[in-house]
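Student: Sharing a structure here in structure tokens format.
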Amino acid sequence: MARKVLVLGEVRDGSLRNVSFEAVSAAKTMAEGGDVIGLLIGESVASLAPQLIQYGADRVITVEDAKLKSYTSDGYAQAVLAAVEAEQPEGLVMGHTALGKDLSPRIAAKLGAGLISDVTALEVAGGNVVFTRPIYSGKAFEKKIITAGLLLATVRPNNIAPLALDESRTGETKSLAVTIKDLRTTIKEVVRKAAEGVDLSEAKVVIAGGRGVKSAEGFKPLQELAKVLGGAVGASRGACDADYCDYSLQIGQTGKVVTPDLYIACGISGAIQHLAGMSNSKVIVAINKDPEANIFKVADYGIVGDLFEVVPLLTEEFKKL
Ligand code: FAD
């Protein structure tokens, strides 16, 4: 059954986040040959529309307003609901990011729609879109369908492959006039933490440090390895609690969930709450002094040794490639 599916392109610092293209790919599966419509929200976002089209959207609608310069659930919900009203889609997809996690339940509640969050795979079977999502902190997966109303889903970054970029694809971009009512919250100023380089939740390579790193200084070899591999640095809660790094780096049940191609755990014991945030990584390498450490149970490759010896050696070897 062909469906019309709306997909939210997530804009950060003037660029589309990769998860937007993964969401387009998910929307394409849900649409079963129907229309995939990109939705861009912000102060001035129309210039990003061609990129969404080149990744598979058929056309794009934009909702632009100075009040939408920074994300607020109130403002974005007004824009999304207006787009849903105008397009009457059968499906709506967005990334399972901080933004998507905040916005999607609000949209579901306003529309009385079912929501399937944190989708890692999807397929069409028996006329239904079947969504796969992790449960019990990633220990099991469930398959779910929505039987009535809008198919609303959020997709976990780095799990659904984007479609190949086709620079020759073209499509219409249309501005949707929406009067954004006064917002209950407004963003006065955005103060950034000193997060540089690759975004942790979208990184293809993550080098994570735990309490075994021993100090803030101890993260330096990990940062160097991450730089050589074009990856991001993450951490266990143990390392964050010990003040070796910022909580924005925490991976796990109460931190970020990451699914990189390569996850290198350095001096991390592998507590269940940490595994909840990284055990679905494609290749896991663990470096730990303790051969009995739990992290080795989920690792594809284990190195029993001192991270302060092993990590610089890895960095030197990767530099040669
Ligand atoms: P440790 O358990 O102390 O392990 C340090 C490891 O480093 C050891 O295995 C040791 O052998 C190794 N080591 C030491 N020195 C070296 C060296 N020189 N070279 C190599 N290896 C070395 N934790 C998270 O990570 N994320 C979460 O989101 C999270 N949420 C939680 C939520 C709740 C409700 C609770 C109760 C706990 C949560 N935790 C979380 C905490 C979790 O239970 C662990 O306490 C934490 O993950 C331990 O961090 P760690 O592995 O860095 O430290």
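Student: Starting at the first residue of the stretch 282-290, write each ³J(HN,Hα) from the Karplus equation 6.51 cos²θ - 1.76 cosθ + 1.60 with θ = phi - 60°, in whole Hz, x for Gly and Pro.
Tutor: Coupling constants for the stretch 282-290: 5, 10, 10, 10, 10, 10, 8, 6, 9 Hz.
Student: What number, in percent, do you get for the relative contact order of the stretch 143-281 if the mean sequence gap of Cα pairs under 8 Å and at least 6 apart is divided by its residue count?
Tutor: Relative contact order, the stretch 143-281: 24 percent.
Student: Treating cross-link reach as a plain straight distance, find the lysines whose alpha-carbon is under 21 Å from the alpha-carbon of residue 227, omitting any fewer than eight places away in the same chain.
Tutor: Within reach: 193, 204, 214, 256, 282, 319, 320.
Student: Taking N as the number of residues in the stretch 132-176, what is its alpha-carbon radius of gyration divided by 2.2 N^0.38 Å?
Tutor: Cα Rg divided by the expected 2.2 N^0.38 Å: 1.75.
Student: Related question: From the C-alpha gyration tensor of the stretch 1-151, pull out the three semi-axes of the equivalent ellipsoid (sqrt of 5λ each), sorted largest to smallest, in whole Å.
Tutor: 24, 17, 15
Student: Give me 240, 266 ranked fewest to most by other Cβ atoms within 10 Å of their Cβ, as a rough exposure proxy.
Tutor: Fewest to most other Cβ atoms nearby, the residues stand as 240, 266.
Student: Putting +1 on Lys and Arg Cβ atoms and -1 on Asp and Glu Cβ atoms, find which of 274, 311, 295 reaches farthest to the positive end of the dipole of the stretch 257-321.
Tutor: 274
Student: Out of every Cα pair in the stretch 24-87, what percent are spaced more than 17 Å from each other?
Tutor: 44
Student: For the stretch 187-243, just the Cα set please: Rg and Dmax, both in angstrom.
Tutor: Cα radius of gyration and Dmax of the stretch 187-243 are 12.5, 39 Å respectively.
Student: Using the Kirkwood radius built from alpha carbon pairs, what does the Stokes-Einstein equation give as D for the stretch 66-183 at 37 °C and 0.692 mPa s, in µm² per second?
Tutor: Estimated via Stokes-Einstein, D reaches 205 µm²/s.
Student: Moving on to the next point. Helix 73-87 sits at what angle to the longest principal axis of the chain, using alpha carbons and giving 0 to 90 degrees rounded to 10?
Tutor: That works out to roughly 50 degrees.
Student: What is the fewest-to-most order of 41, 264, 187 by other Cβ atoms lying within 10 Å of their Cβ?
Tutor: 187, 41, 264
Student: Further, regarding this structure: Share of Cα-Cα pairs in the chain beyond 36 Å, in percent?
Tutor: Cα-Cα pairs of the chain separated by over 36 Å account for 24 percent.
Student: Follow-up question, since we're still on this one. From the alpha carbon gyration tensor of the stretch 249-321, can you work out the equivalent ellipsoid semi-axes (sqrt of 5 times each eigenvalue) and give them in Å, largest to smallest?
Tutor: Value: 21, 15, 10 Å, ordered largest first.
Student: Something else: Would you mind listing how long the stretch 170-321 runs along its three principal axes, going by Cα atoms, in whole Å with the largest first?
Tutor: In descending order, the Cα extents are 61, 39, 27 Å.
Student: Here's a follow-up. Less than 11 Å Cβ to Cβ from residue 58, Lys/Arg counted +1 and Asp/Glu -1: what total charge do the surrounding residues give?
Tutor: +2
Student: What's the exposure ranking of 185, 154, going from fewest to most Cβ atoms within 10 Å?
Tutor: Least crowded to most crowded, the residues run 185, 154.
Student: Still on this model: What size of dipole, in debye to the nearest 20, comes out for the stretch 84-232 about its Cα centre when the only charges are +1 on Lys and Arg C-beta atoms and -1 on Asp and Glu C-beta atoms?
Tutor: 660
Student: Also: May I ask which residue of 8, 33, 131 lies farthest towards the positive end of the charge dipole of the chain, with charges of +1 (Lys, Arg) and -1 (Asp, Glu) on Cβ and the Cα centre as origin?
Tutor: 131
Student: In debye to the nearest 20, how big a dipole does the stretch 1-96 give about its Cα centre with +1 on each Lys and Arg Cβ and -1 on each Asp and Glu Cβ?
Tutor: 160
Student: Something else: With +1 on the Cβ of every Lys and Arg and -1 on the Cβ of every Asp and Glu, and nothing else charged, how large is the dipole of the chain about its Cα centre, in debye rounded to the nearest 20?
Tutor: My answer is approximately 480 debye.
Student: Related question: Zone of residue 12 (label point 7 Å along Cα→Cβ, backbone N under 15 Å): which residues in the stretch 215-233?
Tutor: Only 231-233 pass the distance filter.
Every number here is computed from the coordinates shown, using simple stated rules; none is lab data. Since the model is a prediction, treat every value here as computed from it, not as a measurement. Using ideal geometry, Cβ is built from the backbone for each residue, glycine included, and neighbour counts are taken over all protein chains shown.
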